[in-house]
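Student: Pasting a structure below so you can have a look.
The values are calculated or read from the model by the stated rules, or taken from the named source; none is laboratory data. In this text the structure is predicted, and so the values were computed from the model without any measurement. In this analysis, Cβ positions are derived from the backbone assuming ideal geometry, glycine residues included, and neighbour counts consider all displayed protein chains.
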């Protein structure tokens, strides 16, 4: 485990940190807050061969919004590419109320990926009564650059869009993006949250993920304040 993730784990044992500072102000519906998780998936050094490890994690998602209808299980998958040989191992950790993605020191850009599949539900509306909002990713800490994406499937059509992150804070994927064209966002059957290292040996700790309405000016101000608080916390 990297020094960054060791530090985050230590902090999580002493305080509860929510990166979705402005979430309640603009109608956040939490998909997963990782609060009840205690697992690790490790993909070993593959000596140049692609390798994938998968784990079904069942049980209460421990959501902040207990009415969220996203089921009670999800499948985590970690994959390492084969372009670099040696010290390529990576791991996904669910512990202390956050999800950590920890790549090996030689994992080049795009060689380490993870997916979290949520499909223990049917016909869920991820909009605000038909008005598209955002998919939100709350990042507690990050070392390097990670490309995040979300794929939404209505049982007939699927679509996806992405956002790149290299700092702590809340990152938004607009559900009005062209990538979701043709997908019935009021009747979603599965959600896949993914990440890929955009820089060598990138690591990240994710506090929670979910759906949010279009932020109002006041909410955006709170979101900016939340980012400042997170930056101050990282310096402490």
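Student: Among the residues of segment 186-200, which ones are assigned to a loop (DSSP other than H, G, I, E, B), closer than 17 Å to residue 69 by Cβ and within 19 Å of the chain's Cα centre (by Cα)?
Tutor: Correct list: 189 only.
Student: Which one is nearest to the chain's Cα centre (by Cα), of the residues in segment 128-147 that are buried (at least 18 other Cβ atoms within 10 Å of the Cβ) and more than 20 Å from residue 204 (Cα to Cα)?
Tutor: Among them, the one singled out is 134.
Condition check ((1) in contact with a strand residue (DSSP E or B) (Cβ under 6 Å, 6 or more places away or on another chain); (2) within 19 Å of residue 95 (Cβ to Cβ); (3) at pLDDT 75 or above) across all residues:
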| site | (1), (2), (3) |
| --- | --- |
| 31 | yes, yes, yes |
| 44 | no, no, no |
| 53 | yes, yes, yes |
| 56 | yes, yes, yes |
| 59 | no, yes, no |
| 64 | yes, yes, no |
| 76 | yes, yes, yes |
| 85 | no, no, no |
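Student: Starting from residues that are in contact with a strand residue (DSSP E or B) (Cβ under 7 Å, 6 or more places away or on another chain) and either in a loop (DSSP other than H, G, I, E, B) or modelled with pLDDT under 80 (or both), keep the ones in segment 87-97 and report whichever is nearest to residue 206 (Cα to Cα).
Tutor: Result: 90.
Student: For segment 115-147: of the residues being in a strand (DSSP E or B) and modelled with pLDDT under 90, which is farthest from residue 191 (Cα to Cα)? Step through it out loud before you land on a result.
Tutor: First pass over segment 115-147, keeping only residues in a strand (DSSP E or B): 115-118, 124, 128, 131, 134-143, 146-147.
With modelled with pLDDT under 90 added as a condition, the list becomes 124, 128, 131, 143.
Working: 124: 10, 128: 17, 131: 18, 143: 26 Å.
For segment 115-147, the residue satisfying everything is 143.
Student: Could you please let me know if residue 219 is surrounded by fewer than 23 Cβ atoms within 10 Å (Cβ to Cβ) and either at pLDDT 75 or above or assigned to a loop (DSSP other than H, G, I, E, B) (or both)?
Tutor: No, not satisfied.
Student: May I ask you to list the residues in segment 169-182 that are closer than 11 Å to residue 150 by Cβ and not in a strand (DSSP E or B)?
Tutor: The answer is 175, 177, 179, 180.
Student: Within segment 173-188, which residues are surrounded by 17 or more Cβ atoms within 10 Å (Cβ to Cβ) and under 19 Å from residue 30 (Cβ atoms)?
Tutor: 173, 175, 185, 188
Student: Does any residue of segment 201-213 turn out to be under 15 Å from the mean Cα position of the chain (by Cα) and not in a strand (DSSP E or B)?
Tutor: So far as segment 201-213 goes, yes, one or more of its residues are under 15 Å from the mean Cα position of the chain (by Cα) and not in a strand (DSSP E or B).
Student: Just give me the residues in segment 148-165 being outside any strand (DSSP E or B) and surrounded by 15 or more Cβ atoms within 10 Å (Cβ to Cβ), in sequence order.
Tutor: 154
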